[in-house]
Amino acid sequence: MNRLKKWVNSPRFSDVVASVGAIIVGLIFGLVILLITNAQQAFPAFFTILKGGFSGGAKGIGEVLYMATPLILTGLSVGFAFKTGLFNIGASGQLIVGGFVAILVGVKGEALGSYQWIVAFLGAMAAGAVWAAVPGILKAVFNVHEVISSIMMNYIGMYLVNMLVVEMVYDKLKNQSLIIKETAELPTWGLDKITQGSGLNAGFLIAILFVIITYIILNKTVFGYELIACGHNPEASKYAGIKAKRNIVLAMVIAGALAGAAGALMYLASTGKHIRVVDVLANEGFMGIPIALLGLSNPIGVFFAAIFIAYITIGGFYMQLFDFVPEIIDIMIASIIYFSAFALIAKNLIAYILKRQKKKEKDKPIEEVKEAKK
Amino acid sequence: MDYVIEMLGITKSFPGILANDNISLQLRRGEIHALLGENGAGKSTLMSILFGLYKPDKGIIKKNGKEIQISNPNDANDYGIGMVHQHFKLVHNFTVLENIIMGVETTRRGFLKLDEARKKVVDLSHKYNLFIDPDALISDITVGMQQRVEIIKMLYRDNEILIFDEPTAMLTPQEIKELMNIMRDLAKEGKSILFITHKLDEIKQVADRCTVLQKGKYIDTLDVADTSKEKFSELMVGRKIEFTVIKDKAKTGNVVLSVKNLTVKSKHSEKPVVKNVSFNVKAGEVVCLAGIDGNGQSELVYAITGLEKVTAGAIELNGKDITKSSIRRKSNSGMSHIPEDRHKHGLILEYSLAKNLVLQSYYKKEFQTYGFLRFKEITKYANKLIEQFDIRSGQGAKTLTRSMSGGNQQKAIVAREIDKDPELLVAVQPTRGLDVGAIEYIHKQLVKQRDKNKAIFLVSLELEEVMNVSDRILVIYEGEIVADLDPKSVTMEDLGLYMSGAKREEKAV
């Protein structure tokens, strides 16, 4: 009970409440839109969204987690950079170059045998890291804002990958990349069977591993200490002798590697995803931004935010049953993000309410109040 | 008795701290009433309540005997309460006149009527001897004139209760004298003044009565004329205070810091702000750089500590050239730096106190193994410093630094930098914004370091500190060192003249 009280009074509590509040308000906003477009079907449709991925039983859960896998990683990518004071809007480009390298190794690297998927995966991380290093170096050396340069790198990445797919691993008939070899596919470790034939595979576990790793880097290491210090106060970091420039580049490289890993996990799945040669930026990359916001850049928060977004996106696929377009989910996600951007206001509001409640205790002598707080 | 403002039984608590505990303050019409207390004694909280920034948990405020509610600064203004904040609230690229009328502009059909305003401002400035230039830009005028602008701002709004929050912190001795005269004139005209300070000399000079607070509690209200300085400080701190720093004659050793022909260019222009400066600091002495704010002190310190690049010249530490060394290198070869701006450079406010206390040493073996921070050791170390340096905070080592009081933030920095046991300690205004108790403590620490045969390079704007602590005084004026003085043989007045550029020693380089 005391632990609970302590948690309720901690700043983390109001963070969580703010994010959950944003989700609830966003969902209600979505309901209003449903009511406006088709009042009769609105409520059944809304409950389907709430039931989301779980309406499909174990398989549904599997699909949600499968879909969440790359989102977790792009969310981590953006969130990690946020912690260092950088806005990595280039996760999309990093993801696609990573995905391309994974496919390239997956198609051509037969000689690697059972190591093929591992090499493909590591190659993808390296490619994403290189892609993010460019804006990182530009920022550190020439003070070019990383938002501008990483947006540029998104387009360069997309067109370059389109070109290279056509040159190297092209399936002319389908206008997409070739099918990867079986040894390049991510192992499923029985996860598909547990979830009754969903697309879930080892990628999800790898994503969890990365959640834990980024959490440890940020919170437990000297490196994380320096990164967050640079993010909060670059001047004081300089005063403490922290090499800010090196840290900017490293933070971008790690963020890029995470986004590259997302690309690998997407395109190495046995469900047969391909890079289609179209002029569209990878949406999974951009979804990293709202997920990082909703998860407050905390790796564990990002994990749950990604699963939630996957969950209601899958719920959205069922919207067509009720004569709605699935894009209604995009509107809901967008409004959730909007409200989570107002999280600060919500936080203050919660802090105010908590304070008001505390005031009721004010007639007690102060020592007692202090005791209660402990 | 004719009280213009009464604050009765004011109680206000913040998480973990009872800032004001049943405090009463009665302000007579036309008096100068000082409010004295250490950092964290609750002075600022009490004044913020009067100015409508906080709401008290308990207690009432009366004006002319009638109870009033002040829920925001506009209310305060309506009741004739005005405040000069410690850090002025002026728009730097506006003129003096524009700043004064801002918020209460007289307009006709949406257009400003500046002429009327100008007349009123000029009248006020004559009436109270507040010399200002209405058309000058704030960014071009001195701190003293900026303060006069703030005072006229209050008078322009017909305020009759004037709160001065540590008004002398930024001023030169001459300007302080002027301000004291202004305050007396204002009181003579019937204005009532609340004067927050922890400088006892100033209280003795101008105040009629003084209310003392200690750790959020009301101690006493005394007539200044009947009470000695020693008595005041005892009431404020709760123990006896030594005013003059007791120290033996300096036993100087080798040259620790040697600065040769140092020139530093301004960040904004090609003009040098530090011009061909040379000096030495030896082991076992406190050398103080005195000067009025903005004469190149900051840039000189930045160049020595590595925050800014050196344009020309050389810096040596213990005979080794460190002109181009990195900040980390300098720190590891025995240099500590208490920075001028604790929020900009000294602390990461979003970090806990413990994490800030290892800001210069987190990478050392004691606090990490294989790149992982050893939180147990860090907390243990932090608790040691917290106890040793009496750093007060709501929740100890894990307190968020942002939530701590300024004085305790400063103590944390001082603790961190002194505990490094450096060969050279560069301390820039280490006692800025601190109370006598803390100042005494920090001065003692500086002298203790000196007696351990360390070199101290102190930069200060406070004349008293300069005279008290240093073994040698260098005066900087417009980027040049104009005098090298012995504190025992120079008077405060002379020092003031050197600082303002009116006098210079020919032999000094």
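Here, each number is a calculation from the coordinates, and none is a lab measurement. Note that the structure is predicted; figures quoted are calculated from it, not measured. Positions of Cβ are backbone-derived with ideal geometry, glycine not excepted, and every protein chain shown enters the neighbour counts.
What does the convex hull of the Cα atoms come to per residue for chain B, in Å³? Don't jump to the answer; show the numbers that get you there.
Working: hull volume 85.3 nm³, N = 509.
Per residue, the Cα convex hull of chain B comes to 168 Å³.
Pairs to check: A:LYS139/B:LYS89; A:LYS139/B:LYS330; A:LYS238/B:LYS324; B:LYS344/B:LYS411. Give those whose C-alpha atoms are more than 23 Å from each other in this structure.
Working: A:LYS139/B:LYS89 34 Å; A:LYS139/B:LYS330 26 Å; A:LYS238/B:LYS324 15 Å; B:LYS344/B:LYS411 16 Å.
A:LYS139/B:LYS89; A:LYS139/B:LYS330, as the Cα separations exceed 23 Å there.
Check A:VAL144: other-chain or 5+ apart residues with amide H under 5 Å from its amide H, H built from backbone geometry?
Residues meeting the criterion, in which the H sits 1.01 Å from N, are A:LYS139.
Provide the percentage of antiparallel DSSP beta bridges, counting only those with both residues in region B:3-237; round to the nearest 5.
Values: 25 of 44 bridges.
DSSP beta bridges in region B:3-237 are roughly 55 percent antiparallel.
With a Förster radius of 60 Å, plug the Cβ-Cβ distance of B:LEU137 and A:MET163 into 1/(1 + (r/R0)^6) and report the FRET value to the nearest 0.05. Walk me through the numbers on the way to the answer.
Numbers: r = 57 Å, r/R0 = 0.95.
It comes to 0.60.
What is the gain in length, in nm to one decimal, between A:ILE300 and A:ASP279 on full extension, counting 0.36 nm per residue of separation less the C-alpha to C-alpha distance? If you can, show how the numbers build up before the last one.
Numbers: separation 21, 0.36 × 21 = 7.56 nm, distance 3.33 nm.
Full-extension gain reported as 4.2 nm.
In chain B, which whole DSSP H runs stretch at least 15 Å along their own axis (Cα) and average 0.0 or higher on the Kyte-Doolittle scale?
Details: long enough: B:114-127 (19 Å, -0.92); B:143-156 (19 Å, 0.31); B:173-188 (23 Å, -0.57); B:375-388 (19 Å, -0.74); B:406-419 (20 Å, -0.71); B:436-451 (22 Å, -0.51).
For chain B, where a helix must reach 15 Å along its axis and average at least 0.0, the hits are B:143-156.
Only bridges whose two residues both fall in chain B count here: according to DSSP, what percent of them are antiparallel, nearest 5? List each step's numbers first, then the result.
Details: 47 of 84 bridges.
Once the DSSP bridges in chain B are tallied, antiparallel ones form about 55 percent.
Taking the alpha-carbon distance from A:LYS220 and a cut-off under 17 Å, which aspartates and glutamates remain once sequence neighbours fewer than 8 residues away in the same chain are dropped?
Excluding near neighbours in sequence, the set is B:GLU350, B:GLU366, B:GLU377.
For chain A, with a Gaussian network of springs between Cα atoms less than 10 Å apart, report the residue from A:ILE275, A:ILE212, A:ILE329 with the top mean-square fluctuation.
Looking only at A:ILE275, A:ILE212, A:ILE329, the largest GNM fluctuation is found for A:ILE212.
Taking only Cα atoms and a 10 Å spring cutoff, compute GNM fluctuations for chain A and point out the largest among A:GLY285, A:GLY99, A:GLY26.
A:GLY26
Would you please give the FRET efficiency between A:PHE317 and A:TRP189, computed as 1/(1 + (r/R0)^6) with r the Cβ-Cβ distance and R0 = 25 Å, to the nearest 0.05? Before the final figure, lay out the partial values.
Working: r = 26 Å, r/R0 = 1.05.
The calculated FRET efficiency here is 0.45.
Tell me, in nm to one decimal, what length is gained between B:THR369 and B:VAL490 on full extension, where the rule is 0.36 nm per residue of separation less the Cα-Cα distance? Kindly include the intermediate steps, with their values, before the conclusion.
Values: separation 121, 0.36 × 121 = 43.56 nm, distance 5.32 nm.
Result for the pair: 38.2 nm of gain on full extension.
For A:LYS108, which lysines qualify as cross-link partners when the Cα separation must be under 22 Å and same-chain residues fewer than eight apart are set aside?
A:LYS172, A:LYS174, A:LYS181, A:LYS273
Please state the charge dipole magnitude for chain A, taken about the Cα centre, from unit charges on C-beta atoms (+1 on K and R, -1 on D and E), reported in debye and rounded to the nearest 20.
Values: 31 positive and 21 negative charges, 321 e Å.
Dipole about the Cα centre, nearest 20: 1540 debye.
How big is D, in µm² s⁻¹, for region A:87-151 by Stokes-Einstein at 25 °C and 0.890 mPa s if Rh is the Kirkwood radius over C-alpha pairs? Don't skip to the answer; put the middle values down first.
Numbers: Rh = 12.5 Å.
Stokes-Einstein gives a translational diffusion coefficient of 197 µm²/s.
Helix A:91-108: angle to the longest alpha-carbon principal axis of chain A, degrees 0 to 90, nearest 10?
Approximately 40 degrees, to the nearest 10.
How many Cβ atoms of partner chains, on average, are near each residue of A:290-298 if near means within 10 Å of its Cβ? Please list the in-between numbers first.
On the way: counts 0, 0, 0, 0, 0, 0, 0, 0, 0.
Mean shielding by partner chains, rounded to a whole number: 0.
How big is D, in µm² s⁻¹, for region B:3-237 by Stokes-Einstein at 4 °C and 1.567 mPa s if Rh is the Kirkwood radius over C-alpha pairs?
Working: Rh = 18.4 Å.
Rounded to a whole number, D works out at 71 µm²/s.
What is the mean number of Cβ atoms from other protein chains located within 10 Å of the Cβ atom of each residue in peptide B:363-371, rounded to a whole number?
Working: counts 7, 1, 0, 0, 2, 4, 1, 2, 7.
Mean partner-chain Cβ count within 10 Å for B:363-371: 3.
Please give every one of the aspartates and glutamates within straight-line cross-link reach of B:LYS231, meaning a C-alpha to C-alpha distance under 17 Å, and leave out same-chain neighbours fewer than 8 residues apart.
B:GLU38, B:ASP201, B:GLU202, B:ASP208, B:ASP220, B:ASP223, B:GLU242, B:ASP435, B:GLU440
Using only the alpha-carbon atoms, how far is helix A:283-294 inclined from the longest principal axis of chain A? Give it as 0 to 90 degrees, nearest 10.
Result, in degrees: 10.
Would you tally the net charge around B:GLY296, using a Cβ to Cβ cut-off of less than 14 Å, leaving B:GLY296 out, and scoring K and R as +1, D and E as -1? Kindly include the intermediate steps, with their values, before the conclusion.
Values: positive: B:LYS265, B:LYS267, B:LYS271, B:LYS275; negative: B:ASP293, B:GLU299, B:GLU308, B:GLU340, B:GLU478, B:GLU480.
Surrounding charge for B:GLY296 is -2.
Please compute the contact order of region B:3-237 in relative form: average sequence separation of alpha-carbon pairs under 8 Å and at least six residues apart, divided by the residue count, as a percent. Don't jump to the answer; show the numbers that get you there.
Values: 453 pairs, mean separation 68.0, N = 235.
Reported as a whole number, the value is 29 percent.
Between helix A:202-220 and chain A, what is the angle of the helix's C-alpha long axis to the longest principal axis, kept within 0 to 90° and rounded to the nearest 10?
Taking Cα atoms only, the helix is inclined about 50 degrees.
Work out the charge dipole of region B:181-249 with +1 on the Cβ of Lys and Arg and -1 on the Cβ of Asp and Glu about the Cα centre, then indicate which of B:THR227, B:GLY190, B:LEU200 is farthest towards its positive end.
B:LEU200
Give the percent of DSSP beta bridges with both residues in the protein assembly as shown that are antiparallel, rounded to the nearest 5.
60 percent
Percent relative contact order of region A:60-310, based on C-alpha pairs within less than 8 angstrom and at least six residues apart? Numbers along the way, then the final one.
Numbers: 530 pairs, mean separation 108.9, N = 251.
Taking the mean separation of contacting Cα pairs over the length of region A:60-310, I get 43 percent.
Binning every alpha carbon pair distance of region B:262-387 at 5 Å from zero, what are the percents per bin?
2, 9, 16, 18, 18, 14, 11, 8, 4, 1
Within 10 Å of each Cβ in B:345-353, how many Cβ atoms from other chains are there, averaged over the peptide? Show your work: numbers first, answer last.
Working: counts 7, 5, 5, 12, 3, 5, 6, 0, 0.
Shielding by partners across B:345-353 averages 5.
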